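I have placed the structure first, in the form of C-alpha coordinates, so that the comments after it can refer back to it.
The values are calculated or read from the model by the stated rules, or taken from the named source; none is laboratory data. The structure displayed is predicted, hence computed values, not measured ones. All Cβ positions, glycine included, derive from the backbone under ideal geometry; neighbour counts span all protein chains shown. The area values use the complete protein model at the heavy-atom level, side chains included, leaving out ligands, DNA and RNA. Shrake-Rupley method; radii C 1.70, N 1.55, O 1.52, S 1.80 Å.
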Amino acid sequence: MQAGTHTDFVGNHNHGKRECDTELILKSSVYVDSKINVFAEAGELLIPVAEGVYSIDSVVGELAQLCKNQLSGRKNEQEITLFKTVGTALADLVGAQLVYSQLQSDN
(Lines give C-alpha, C1' and ligand atoms only; values in the text may rest on other atoms or scores of the structure.)
Protein backbone atom coordinates (compact mmCIF):
# COMPACT_ATOMS: atom_id res chain seq x y z
CA MET A 1 0.00 0.00 0.00
CA GLN A 2 1.38 3.39 -1.00
CA ALA A 3 1.83 6.18 1.50
CA GLY A 4 -1.14 8.53 1.56
CA THR A 5 -3.65 5.90 0.49
CA HIS A 6 -7.17 5.82 1.92
CA THR A 7 -9.35 2.70 1.74
CA ASP A 8 -13.02 2.10 2.60
CA PHE A 9 -14.40 -1.35 3.38
CA VAL A 10 -18.18 -1.71 3.42
CA GLY A 11 -19.16 -5.11 2.06
CA ASN A 12 -18.29 -7.65 4.73
CA HIS A 13 -20.35 -8.50 7.81
CA ASN A 14 -18.81 -11.87 8.59
CA HIS A 15 -16.58 -12.70 11.57
CA GLY A 16 -14.36 -15.07 9.62
CA LYS A 17 -14.07 -13.23 6.31
CA ARG A 18 -12.46 -9.96 5.34
CA GLU A 19 -11.86 -7.55 2.50
CA CYS A 20 -8.27 -6.72 3.47
CA ASP A 21 -5.38 -8.43 5.21
CA THR A 22 -3.91 -7.91 8.67
CA GLU A 23 -0.89 -6.10 7.23
CA LEU A 24 -3.08 -3.28 5.88
CA ILE A 25 -4.89 -2.94 9.21
CA LEU A 26 -1.57 -2.65 11.03
CA LYS A 27 -0.17 -0.07 8.58
CA SER A 28 -3.29 2.09 8.69
CA SER A 29 -4.88 4.62 10.97
CA VAL A 30 -8.24 2.87 11.34
CA TYR A 31 -11.57 4.66 11.65
CA VAL A 32 -14.94 2.91 11.96
CA ASP A 33 -18.59 3.85 11.82
CA SER A 34 -19.24 2.24 15.22
CA LYS A 35 -16.78 0.32 17.39
CA ILE A 36 -19.60 -1.70 18.93
CA ASN A 37 -20.94 -2.81 15.56
CA VAL A 38 -17.61 -3.34 13.80
CA PHE A 39 -16.17 -5.40 16.64
CA ALA A 40 -19.34 -7.50 16.69
CA GLU A 41 -19.20 -8.59 13.06
CA ALA A 42 -16.30 -7.35 10.90
CA GLY A 43 -13.61 -9.91 10.15
CA GLU A 44 -11.32 -7.15 8.87
CA LEU A 45 -10.68 -6.25 12.51
CA LEU A 46 -11.81 -9.39 14.36
CA ILE A 47 -9.25 -11.59 12.61
CA PRO A 48 -6.26 -9.39 13.60
CA VAL A 49 -7.68 -9.33 17.16
CA ALA A 50 -7.84 -13.14 17.15
CA GLU A 51 -4.25 -13.19 15.87
CA GLY A 52 -3.26 -11.13 18.93
CA VAL A 53 -1.89 -8.19 16.94
CA TYR A 54 -4.75 -5.67 17.14
CA SER A 55 -7.27 -4.41 19.69
CA ILE A 56 -10.33 -2.19 19.86
CA ASP A 57 -8.13 0.45 21.49
CA SER A 58 -6.07 0.62 18.29
CA VAL A 59 -8.97 2.21 16.39
CA VAL A 60 -8.33 5.94 16.05
CA GLY A 61 -11.99 6.90 16.20
CA GLU A 62 -15.54 6.68 15.00
CA LEU A 63 -17.30 8.47 12.15
CA ALA A 64 -19.40 10.56 14.53
CA GLN A 65 -16.24 11.90 16.19
CA LEU A 66 -14.88 12.97 12.80
CA CYS A 67 -18.17 14.62 11.85
CA LYS A 68 -18.26 16.54 15.15
CA ASN A 69 -14.62 17.63 14.69
CA GLN A 70 -13.72 15.83 17.90
CA LEU A 71 -10.96 14.11 15.91
CA SER A 72 -8.93 15.22 12.97
CA GLY A 73 -8.57 12.89 10.02
CA ARG A 74 -5.29 12.28 8.26
CA LYS A 75 -2.38 13.78 10.16
CA ASN A 76 -0.02 14.07 7.17
CA GLU A 77 0.14 13.26 3.47
CA GLN A 78 2.03 10.01 4.06
CA GLU A 79 -0.44 8.47 6.51
CA ILE A 80 -2.43 5.46 5.33
CA THR A 81 -6.04 5.64 6.49
CA LEU A 82 -8.74 2.99 6.50
CA PHE A 83 -12.48 3.23 7.17
CA LYS A 84 -14.56 0.15 8.03
CA THR A 85 -18.32 0.34 8.20
CA VAL A 86 -20.91 -2.32 8.82
CA GLY A 87 -23.77 0.17 8.83
CA THR A 88 -26.27 0.98 11.51
CA ALA A 89 -30.03 0.62 11.69
CA LEU A 90 -30.33 4.36 12.28
CA ALA A 91 -28.47 5.16 9.05
CA ASP A 92 -30.72 2.73 7.17
CA LEU A 93 -33.82 4.36 8.67
CA VAL A 94 -32.66 7.88 7.77
CA GLY A 95 -31.88 6.77 4.22
CA ALA A 96 -35.28 5.12 3.85
CA GLN A 97 -37.01 8.22 5.22
CA LEU A 98 -35.14 10.42 2.74
CA VAL A 99 -36.16 8.24 -0.20
CA TYR A 100 -39.77 8.09 1.00
CA SER A 101 -39.89 11.89 1.41
CA GLN A 102 -38.50 12.40 -2.09
CA LEU A 103 -41.06 10.03 -3.57
CA GLN A 104 -43.89 11.83 -1.76
CA SER A 105 -42.75 15.25 -2.97
CA ASP A 106 -42.52 13.98 -6.58
CA ASN A 107 -46.22 13.00 -6.53
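Where [x] 15.8, 55; [y] 14.6, 46; [z] 14.9, 49 are the candidate values, the label of the one calculated here for Rg and Dmax of the Cα atoms in Å is [x].
Between Ala64 and Val99, the contour length at 0.36 nm per residue exceeds the alpha carbon distance by 10.4 nm. Please report how far the C-alpha centroid of the stretch 70-96 lies from that of the stretch 2-43, rounded to the nearest whole angstrom. Answer, in whole Å: 11. Neighbours of Asp33 by Cβ distance under 15 Å: Lys/Arg scored +1, Asp/Glu scored -1, total -3. When the chain is treated as a Gaussian network with alpha carbon springs shorter than 10 Å, the biggest mean-square fluctuation among Leu45, Leu93, Leu66 belongs to Leu93.
On a per residue basis, the stretch 19-63 carries 44 Å² of accessible surface, using protein heavy atoms and a 1.4 Å probe. For the stretch 61-107, the percent of C-alpha pairs falling in each 10 Å distance bin, counted from 0 to the bin holding the largest distance, reads 21, 32, 26, 17, 4. Taking Lys and Arg as +1 and Asp and Glu as -1, the other residues whose beta-carbon sits under 11 Å from that of Lys84 total -4. If contacts are Cα pairs under 8 angstrom and at least 6 residues apart, what is the relative contact order of the chain in percent? After rounding, I find 40 percent. For the options Ala50, Ala96, Ala40, a Gaussian network treatment of the chain with springs between C-alpha atoms closer than 10 Å singles out Ala96 as fluctuating the most.
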